[in-house]
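The block underneath contains the structure these notes are about, expressed in structure tokens.
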Amino acid sequence: MNEIELLNRIKNAIVLLTDGHSYKVGDLTFSCRDKSHFSVTGWSLMHDLKNVTRDSAISELNKIKELFKNMTCFSMELADFVNGRQIEYHLGFDYGMGAIEICSESDDQLKWKLV
């Protein structure tokens with residue numbers, strides 16, 4: 001995805017997020033449950049759930065946070081949209097017919113759902 005496509009996807013995301021829909025931008029899925037929360041979900045690169053460890057999950061969650069930070073630096077519109085909101089980061093495992101949450105982080109608090 002080039003820079004123009006990324007900016008257009010982010011603009012589309014903001015419109016849909018305002019209406020309560022989730023939206024995928026690159027490798028991340030954004031959603032808002034209300035005006036004070038913003039959720040960023042990324043997906044594990046592991047091909048088998050039994051290979052996911054706490055260390056690998058933390059590493060992948062940190063990559064999600066870094067990618068999102070880069071997106072907010074790239075798009076001032078996204079940075080303005082999330083300003084003042086509590087951001088929740090989620091790492092999921094997509095098994096093809098659905099997904100399982102592995103862990104999440106909000107306010108520097110890590111919560112484990114799996115592993």
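Miscellaneous remarks
- Condition check for residue 16: modelled with pLDDT under 95, outside any strand (DSSP E or B), surrounded by 13 or more Cβ atoms within 10 Å (Cβ to Cβ) and in contact with a Ser or Thr (Cβ under 8 Å, 6 or more places away or on another chain): yes
- Residue in segment 20-43 that is under 15 Å from residue 114 (Cβ atoms), part of a helix (DSSP H, G or I), free of Cβ contacts under 8 Å to residues at least 60 places away in the same chain and β-branched (Val, Ile, Thr) present: no
- Among the residues of segment 75-85, at least one is within 17 Å of residue 107 (Cα to Cα), surrounded by fewer than 16 Cβ atoms within 10 Å (Cβ to Cβ) and in contact (Cβ under 8 Å) with a residue 24 or more places away in the chain.
- Residues that are within 16 Å of residue 39 (Cα to Cα) and in a helix (DSSP H, G or I), drawn from segment 71-115: 71, 72, 78, 79, 80, 81, 82
- For residue 54: the one exception among (1) in contact (Cβ under 8 Å) with a residue 24 or more places away in the chain; (2) surrounded by fewer than 14 Cβ atoms within 10 Å (Cβ to Cβ); (3) under 20 Å from residue 32 (Cβ atoms); (4) basic (Lys, Arg): (3)
- On the stretch given as segment 33-60, residues that are touching a His at 6+ places or on another chain (Cβ under 9 Å) and under 13 Å from residue 78 (Cβ atoms) total 1.
- Number of residues in segment 86-108 that are exposed (fewer than 13 other Cβ atoms within 10 Å of the Cβ), under 16 Å from the mean Cα position of the chain (by Cα) and more than 23 Å from residue 15 (Cα to Cα) equals 3.
- Just one of (1) surrounded by 11 or more Cβ atoms within 10 Å (Cβ to Cβ); (2) farther than 24 Å from residue 14 by Cα fails for residue 62. It is (2).
- The conditions of being in contact with a Leu (Cβ under 8 Å, 6 or more places away or on another chain) and either in a helix (DSSP H, G or I) or among the small types (Gly, Ala, Ser) (or both) are met by residue 57.
The values are calculated or read from the model by the stated rules, or taken from the named source; none is laboratory data. Because the structure is a prediction, the values reported are computed rather than measured. Glycine gets a Cβ as well: all are built from the backbone with ideal geometry, and neighbour counts include every protein chain shown.
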